[in-house]
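The values are calculated or read from the model by the stated rules, or taken from the named source; none is laboratory data. Keep in mind that this is a model prediction, so the values were computed, not measured. Heads up, the Cβs are rebuilt from the backbone with ideal geometry, glycines too, and the neighbour counts pull from every protein chain shown. For the accessible areas, the whole protein counts, side chains as well, though only heavy atoms, and no ligand, DNA or RNA atoms are used. Shrake-Rupley method; radii C 1.70, N 1.55, O 1.52, S 1.80 Å.
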Amino acid sequence: MSAAQVAFVPIAQKSASVQAQQQLRGQVSPAPTPFASGLRSAGSVGAVLGAACGLAAIKQLQGKTRSVSSRVALRAFENELGVQPPVGFWDPAGFTSDGDQLDFYRRRRIELKHGRVSMLACLGYIVPEFVKFPGYLSPSTGLKFADVPTGLAATTKVPAVGWAQYTIFCGICELFAMHQDPDKPPGKLGTRFFGEENTNYEYGSLGIPGYLGGAPIQDPEVKKTKLNAELANGRLAMMAIIGMFFQDGLTGSAWGDWANYTSSPLRAFEGELG
């Protein structure tokens, strides 16, 4: 062995020992082996699969929660007034799917109000066909009640002052004369005048004021039957008044002949065969 070869051997040994010490101290990472790389790849795939399974489980749990919530919401309102055969509890739009009692209370109030207004509107269409008030609707303009047509045509005959009076009357009824107390059942109206209980009263059966002897129905079953009848009649009246408006606007009368609907697109085919 030459002197040069002997001189270079300790340097190689020292380099190997230094590298081993650095590996022990964590300063130099050892070269990855194929087995370690495979483990890391398998771990990554396992993490992805685990996350996917966890997400699927969460979605399934959310679906079960929504299903349970919808069943709870149904049971929360299936015994309310207005749930009548043959359809029972019918909510195709899903307004009650969240089971919110406050929203249901507000919608029931609106339903009752619209139903009552629609019943009055239907009477307003029918009664003037047979009976009209005598005298003048507007003495200053010489307009008689007999001169006012029924239906939508009346809107062009009543003076603007008359519509202003009508609007003020509705506002007084809404704010003071027929007020809905949030603590009372939907549709249970009363007055809201100054003076608290001394000057305020509630409405009894058939809307008769308390100071005229109107009293609420005491029998629970009779009361339930009449309240259900009011809801059913109000729903029918809402459909009826929309039909009257539609037919009146097209034919000139709420029960007019469809032959008067001269603008009907069906008239383009009247001369066709068949």
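Quick look at the values:
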quantity	calculated
Scan of the range 143-187 for residues that are open to solvent by less than 50 Å² (accessible area, probe 1.4 Å) and assigned to a loop (DSSP other than H, G, I, E, B), ordered by number	Val148, Pro149, Thr150, Val158, Pro159, Pro186, Gly187
Residue in the range 118-129 that is touching a Lys or Arg at 6+ places or on another chain (Cβ under 7 Å) and of a type in the set (Gly, Ala, Ser) present	no
Top-ranked residue of the range 200-256 - restricted to ones that are β-branched (Val, Ile, Thr) and over 25 Å from the mean Cα position of the chain (by Cα), ranked as least open to solvent (accessible area, probe 1.4 Å)	Thr251
Residue that is nearest to Ser253 (Cα to Cα) [pool: residues in the range 81-131 that are of a type in the set (Ser, Thr, Tyr) and in a loop (DSSP other than H, G, I, E, B)]	Thr96
Qualifying residue in the range 217-228 (condition: assigned to a loop (DSSP other than H, G, I, E, B) and within 20 Å of Gly115 (Cβ to Cβ))	yes
Yes/no for Lys132 being open to solvent by 50 Å² or more (accessible area, probe 1.4 Å) and in contact with a Lys or Arg (Cβ under 9 Å, 6 or more places away or on another chain)	yes
Within the range 74-128, tally of residues that are aliphatic (A, V, I, L, M), modelled with pLDDT under 85 and more than 18 Å from the chain's Cα centre (by Cα)	1
